[in-house]
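Encoded as structure tokens, the structure appears first; notes follow it.
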């Protein structure tokens, strides 16, 4: 006979936990959770280009182009009782503008639809990622109260908190609002991921190798100048113009690092490119889409479908995979320890 389990050892079968991911976008949340040990069995997104990205990188994933509000789990009963339902939802507007943003209702509806999906799927855990304002601001109190009432009704306990991607190895100052919910006593085993005590690498350190790839003679000089982490990458609206790195304040922060944040480059500089920091923005180096993906924490092999602006939109709106991996590790610990295995309560679907 085998030995008895040691204290804290997992009683669940070895292998991955199961995951349904909605509003998947470019896959940052699903990728990080996969790295933490969750196996995606279904992913939903309404944008065809995002679905193309997911299929290009993970041909075995079941990816559906669908509005979350139209998804009925009764048609896909393999999603019943998964370990985790995750959602990287479209960003709600900043609290200062929420009262004037006509689109905010649609974004709030997706939050509500995610929580209502809990009735049918009955996952063991829920992870929702959005902007910090959703967690901290009074303007979103009614949304939080709706979410909390539904979770309490279903027997889940929850926690709201804010993380910064810079604390998890991402070279970017990017704060994210997080909602975690777990069934009953499972919540006692959850601890938010600890901050990485090592400072994140700088923009220059992260991008030096790619900047030098075509023989740019000033690459090392530029990397030394870009000696801090990036401001928050802003993907922007799918209904607005070309790609840039964010609003005016963000562009000013990029300018201090010798980067023109007003547009994106097709290629990194060649040997003849002359970079003149401190002068006009036009004299500064521009980043490529692939470089912004590195700053968002995507691995170099992750490919993005579509034209340049569509690729950048996906990146800027994504959840950084290293943050998702850290959150996934904390969730996996809560779901797999012996103390975290109560009988699953029955309930109506």
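Exactly one residue out of 106, 10 is at pLDDT below 95, on the phi < 0 side of the Ramachandran plot, in a helix (DSSP H, G or I) and surrounded by fewer than 16 Cβ atoms within 10 Å (Cβ to Cβ): that is 106.
Return yes when residue 299 is buried (at least 21 other Cβ atoms within 10 Å of the Cβ), modelled with pLDDT of 95 or more and either out of contact with any helix residue (DSSP H, G or I) (no Cβ under 8 Å at 6 or more places or on another chain) or not assigned by TED's automatic domain parsing to the domain that holds residue 50 (or both) and no when it is not. No; evaluated as a whole, the condition is false for this residue.
Pick out, from the stretch 129-221, the helices (runs of 4 or more DSSP H) lying fully within it that include 3 or more residues that are surrounded by fewer than 16 Cβ atoms within 10 Å (Cβ to Cβ). Walk me through it before giving the result.
Details: elements: 132-136, 141-154, 203-211.
Result: 141-154.
The set of residues from the stretch 40-71 being outside any loop (DSSP other than H, G, I, E, B), under 23 Å from residue 331 (Cβ atoms) and touching a residue at least 24 places away in the same chain (Cβ under 8 Å) comprises 41, 42, 44, 54, 57, 63, 68.
For residue 91, are the conditions met, namely being within 19 Å of residue 129 (Cβ to Cβ), surrounded by fewer than 21 Cβ atoms within 10 Å (Cβ to Cβ) and assigned by TED's automatic domain parsing to the domain that holds residue 151?
Yes, satisfied.
When 235, 243, 261 are checked against the criterion of being surrounded by 20 or more Cβ atoms within 10 Å (Cβ to Cβ), outside the structural domain of residue 151 (by TED's automatic domain parsing) and modelled with pLDDT of 90 or more, 261 stands alone in meeting it.
The values are calculated or read from the model by the stated rules, or taken from the named source; none is laboratory data. Because the structure is predicted, anything quoted here is derived from the model rather than measured. Cβ coordinates were reconstructed from backbone atoms using ideal geometry, including for glycine residues, and neighbour counts include every protein chain displayed.
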